[in-house]
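So the structure is just underneath, and the comments pick up after that.
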Amino acid sequence: RYLTDNFGFDEGEILVDVGAAEGNFALSVVEKASRIILFEADKEWIEPLNATFEPWKDKVEIVNKYVSNISDSTNTKLDDFLKIENGRETFVKIDVEGAESRLLDGCKNFLAKQKPLKVAICTYHKQNDEKEFTSILNNYGFRTAHSDGYMLFYYDKQMIAPYFRRGLIRAEKN
């Protein structure tokens, strides 16, 4: 779960949903959001996303690109796409199937300068994601908390002990 009693999505926040898939998370907060940017690289999700978010098309932007550490015809860096809007509460949800490190590398300026900012980032795809992402986010001044419990991600072909991983990090800075 991306949200908890202590880590929520507030009225008027901007949502940047990277790895939107079918858009379930964005749909759960669409009425509260002032603006939503959905990044989904899988072309098969774009038509369903457009249909789902048709009633909110004035505040929802759907971007069919990978979010990474380069910008070209199929990729974008968040640093190139997003404008810093200090004072505008922003919530970034990240679940990009193991490419989270490249995404973080492509949004250094955004992470450093955007305030207030909340980030929910998945940490289960690779063995060292939790430790690596916690360090990166702490270095940008975020307070971090980890999801409760552990999970087994058996799609990791290079899995070594310990086999169970935390699902995500919730990070926040004001």
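The values are calculated or read from the model by the stated rules, or taken from the named source; none is laboratory data. Keep in mind the model is a prediction, meaning the values are calculated, not measured. Cβ sites come from the backbone with ideal geometry, for glycine too, and all protein chains shown count toward neighbours. SASA here: full protein model, heavy atoms, side chains in, ligands and nucleic acids out. Shrake-Rupley method; radii C 1.70, N 1.55, O 1.52, S 1.80 Å.
Residues are listed down the side, and each one gets a yes or a no for (1) in contact with a Leu (Cβ under 6 Å, 6 or more places away or on another chain); (2) at positive phi; (3) open to solvent by less than 70 Å² (accessible area, probe 1.4 Å):
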{"position": "ASN75", "(1), (2), (3)": "no, no, yes"}
{"position": "ASN86", "(1), (2), (3)": "no, no, no"}
{"position": "THR90", "(1), (2), (3)": "yes, no, yes"}
{"position": "GLU100", "(1), (2), (3)": "no, no, yes"}
{"position": "PHE110", "(1), (2), (3)": "yes, no, yes"}
{"position": "LEU137", "(1), (2), (3)": "no, no, yes"}
{"position": "THR144", "(1), (2), (3)": "yes, no, yes"}
Response to the item:
Of those in region 12-25 that are outside any strand (DSSP E or B) and within 11 Å of PHE91 (Cα to Cα), the residue least open to solvent (accessible area, probe 1.4 Å) is GLU13
Discussion item. Take GLU61 and tell me if it is under 17 Å from PHE25 (Cβ atoms), open to solvent by 20 Å² or more (accessible area, probe 1.4 Å), touching a strand residue (DSSP E or B) at 6+ places or on another chain (Cβ under 9 Å) and part of a loop (DSSP other than H, G, I, E, B).
Written reply: no
Fill in: Hits in region 67-98 (condition: touching a strand residue (DSSP E or B) at 6+ places or on another chain (Cβ under 8 Å), of a type in the set (Val, Ile, Thr) and either in a loop (DSSP other than H, G, I, E, B) or closer than 17 Å to PHE133 by Cβ (or both))
VAL67, THR74, VAL92, ILE94, VAL96
Worksheet item: In this structure, does MET159 turn out to be hydrophobic (A, V, I, L, M, F, W, C) and open to solvent by 60 Å² or more (accessible area, probe 1.4 Å)?
Response: no
Practice prompt. Test PHE7 against the stated conditions and say whether it is surrounded by fewer than 21 Cβ atoms within 10 Å (Cβ to Cβ), within 20 Å of THR144 (Cβ to Cβ) and out of contact with any Ser or Thr (no Cβ under 6 Å at 6 or more places or on another chain).
Written response: yes
Worksheet item: Is there any pair linking a residue in region 114-132 that is crowded, with 17+ Cβ neighbours inside 10 Å to one that is among the charged types (D, E, K, R) and part of a strand (DSSP E or B), with Cβ under 7 Å and at least six apart or on different chains, and which?
Response: LEU117/LYS173; LYS118/GLU172; ALA120/LYS93; ALA120/ARG170; THR123/ARG165; TYR124/ARG165; GLU130/ARG165
Worksheet, complete the sentence: Residues of region 26-50 being under 23 Å from SER73 (Cα atoms) and either among the acidic types (Asp, Glu) or surrounded by 18 or more Cβ atoms within 10 Å (Cβ to Cβ) (or both), in sequence order, are ILE36, ILE37, LEU38, PHE39, GLU40, ALA41, ASP42, GLU44, TRP45, GLU47, LEU49
Discussion item. The conditions are (1) in a helix (DSSP H, G or I); (2) within 20 Å of GLY141 (Cα to Cα); (3) in contact with a Gly (Cβ under 8 Å, 6 or more places away or on another chain), and SER101 fails exactly one of them. Which is it?
Written reply: (3)
Item to complete: Would you be able to tell me the number of residues in region 146-156 that are more than 17 Å from the chain's Cα centre (by Cα), under 30 Å from PRO116 (Cα atoms) and open to solvent by less than 60 Å² (accessible area, probe 1.4 Å)?
Response: 1
